[in-house]
Amino acid sequence: MTTVLRTAFFCLLCCPLASTPQEPYPSRPVKFVVPFAAGGPLDVMARIVGQKLGERWGKPVVVENQVGASGSIGANAVARAAPDGHTLLVTVDIPLTMYPAVAKQLPYNPRTDFRPIASVARSDNGLFVNPALGVSTVKELVELAKKQPGRLTYSSAGIAAPAHFAAELFKVIAGVDMTHVPYKGAAPAMSAAMSGEVNLMFGPIPQGVPHVRAGKLKALGVTGPLPSPLLPGVKPLVDQGFPGLLVFNWYGVLAPAKTPDGPAEAVRSALKDVMNDQALRARLSELGVEPVWEEASTMANAIAADLMRWGQLARVAKIEAPQ
């Protein structure tokens, strides 16, 4: 081997070739997978936030609704996507905490198949009753339910929907028995409560407010820790003698589990700036969605805690996902 070759070989050993510089993120359009139908608060939020991020990045953010199985179809699609930060799950907590608590089989692990980026907002439910039921307070509702075990009916958007879990938790804490009537979506469930097909429901506050104002429903309480500005004068259930009756949805962004720090931090940083936009925050408030920022570690802890909480309730109430 000549002196020149030996020198070149030595340099290759001691001075490896410089790594190829990483492409700036994002290098192409970013996909937001929303695992629920278009038109709801989650979908609208994803599109508003996506537009702001697209303007910031100079790359489009495309919202894709992959619906079905309480959000688990869309969640699984992201869990199996390339971990490069260009496919993100924008969701409420249902496919990560509530549905896994009742599903016999799940194609993903909500604890290990995702990398939480941040939780950005929260929404609460309200306890709405049909005026014909003749109750004006939660105390009166409980008294009536105890006099007629199993006779009162409540609607929900389906098995393991927030309204379902809220009502089952209410039953456990209040010590009453009521009959669940599931519907295919929050809208028909609310219509059933208004028409008298069922007696009551725990439902999205923005959806119920117009019907309360029209006298078609009565609002007796909210399931969040604080009063809702959309229902002035209606107290949280935790302040009405029902400690532990907290049921709210958090809205978060997650990436596939093996997404590197670079893209994950780029999304987190841009997302945090966008969520500080006052016009955006006002628009979300109009939807009944409260902007609340939680870092990835807090979000991961919430997933673990809620899985345990809803799993325990599902066992006590014997809730199982439909086959």
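The values are calculated or read from the model by the stated rules, or taken from the named source; none is laboratory data. This one's a predicted model, so the numbers in the text were calculated from it and none came from an experiment. Cβ: placed from backbone, ideal geometry, glycine included. Neighbour counts: every protein chain shown. Ligands, DNA and RNA are excluded from the accessible area calculation, which covers all protein heavy atoms including side chains. Shrake-Rupley method; radii C 1.70, N 1.55, O 1.52, S 1.80 Å.
Which one of these is open to solvent by 20 Å² or more (accessible area, probe 1.4 Å), over 22 Å from R47 (Cβ atoms) and among the small types (G, A, S): A314, A304, A321?
A304
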Subject >> region 69-93, residues that are of a type in the set (V, I, T) and closer than 11 Å to F114 by Cβ >> reply: V78, T91
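May I ask you to list the residues in region 258-304 that are hydroxyl-bearing (S, T, Y) and farther than 29 Å from G126 by Cα? Lay out the reasoning, then the answer.
Step one: list which residues in region 258-304 are hydroxyl-bearing (S, T, Y), which gives 259, 269, 285, 297-298.
Residues satisfying the conditions are T259, S269.
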Original post:
Out of E140, E168, which single residue is modelled with pLDDT of 95 or more, open to solvent by 10 Å² or more (accessible area, probe 1.4 Å), closer than 30 Å to V253 by Cβ and not hydrophobic (A, V, I, L, M, F, W, C)?
Top reply: E168
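Per-residue answers, yes or no, for (1) of a type in the set (A, V, I, L, M, F, W, C); (2) touching a strand residue (DSSP E or B) at 6+ places or on another chain (Cβ under 8 Å):
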residue: Q51; (1), (2): no, yes
residue: G74; (1), (2): no, yes
residue: L88; (1), (2): yes, yes
residue: T91; (1), (2): no, yes
residue: A103; (1), (2): yes, no
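Take the residues in region 79-100 that are over 15 Å from the mean Cα position of the chain (by Cα) and farther than 19 Å from D306 by Cβ; name whichever of them is surrounded by the fewest Cβ atoms within 10 Å (Cβ to Cβ). Give the derivation first.
Taking region 79-100 and keeping what is over 15 Å from the mean Cα position of the chain (by Cα), we get 79-87.
Okay, now just the ones that are also farther than 19 Å from D306 by Cβ, so 80-87.
Numbers: R80: 13, A81: 18, A82: 10, P83: 18, D84: 18, G85: 23, H86: 19, T87: 20.
The selected residue is A82.
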Subject >> From A103, A132, A187, A160, residue being surrounded by 21 or more Cβ atoms within 10 Å (Cβ to Cβ) and of a type in the set (G, A, S) >> reply: A160
**OP:** Could you pull out every one of the strands (runs of 3 or more DSSP E) wholly within region 144-255 that has 3 or more residues that are over 17 Å from the mean Cα position of the chain (by Cα) and of a type outside the set (D, E)?
**Re:** 153-156, 179-182, 218-222
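Can you tell me which of G221, G288, G252, G262 is open to solvent by 40 Å² or more (accessible area, probe 1.4 Å) and either out of contact with any Pro (no Cβ under 6 Å at 6 or more places or on another chain) or closer than 21 Å to V92 by Cβ (or both)? Even if it seems obvious, please write down each step before you answer.
Values: G221 fails: open to solvent by 40 Å² or more (accessible area, probe 1.4 Å); G288 fails: open to solvent by 40 Å² or more (accessible area, probe 1.4 Å); G252 fails: open to solvent by 40 Å² or more (accessible area, probe 1.4 Å).
Result of the check over G221, G288, G252, G262: G262.
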Subject >> Every residue from region 233-247 that is surrounded by fewer than 19 Cβ atoms within 10 Å (Cβ to Cβ) and under 30 Å from N76 (Cβ atoms) >> reply: L246
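From the set of residues in region 44-58 that are of a type in the set (G, A, S) and within 17 Å of A121 (Cα to Cα), which is surrounded by the fewest Cβ atoms within 10 Å (Cβ to Cβ)? Walk me through how you get there before you give the answer.
Here is the first cut: in region 44-58, the residues of a type in the set (G, A, S) are 46, 50, 54, 58.
Right, trim to within 17 Å of A121 (Cα to Cα) and you get 46, 50.
Values: A46: 25, G50: 21.
Only one residue tops the list, namely G50.
Which count do you get for residues in region 192-207 that are touching a helix residue (DSSP H, G or I) at 6+ places or on another chain (Cβ under 9 Å) and surrounded by fewer than 22 Cβ atoms within 10 Å (Cβ to Cβ)? Before you say what the answer is, go through the steps one by one.
Residues of region 192-207 touching a helix residue (DSSP H, G or I) at 6+ places or on another chain (Cβ under 9 Å): 193-194, 196-204, 206-207.
Those left that are additionally surrounded by fewer than 22 Cβ atoms within 10 Å (Cβ to Cβ): 194, 196-197, 206-207.
Qualifying residue count, region 192-207: 5.
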Original post:
Failed condition for N125, given (1) modelled with pLDDT under 95; (2) assigned to a strand (DSSP E or B); (3) in contact with a Ser or Thr (Cβ under 9 Å, 6 or more places away or on another chain); (4) open to solvent by 20 Å² or more (accessible area, probe 1.4 Å), with all others met?
Top reply: (4)
Original post:
Which of (1) assigned to a loop (DSSP other than H, G, I, E, B); (2) open to solvent by 20 Å² or more (accessible area, probe 1.4 Å); (3) touching a Pro at 6+ places or on another chain (Cβ under 6 Å) is the odd one out, the single condition P110 does not satisfy?
Top reply: (2)
Subject >> Failed item, numbered, when P29 is tested on (1) in contact (Cβ under 8 Å) with a residue 12 or more places away in the chain; (2) within 20 Å of the chain's Cα centre (by Cα) >> reply: (2)
**OP:** Please find, within region 269-301, the residue that is farthest from the chain's Cα centre (by Cα) out of those that are modelled with pLDDT of 95 or more and closer than 21 Å to S70 by Cα.
**Re:** A300
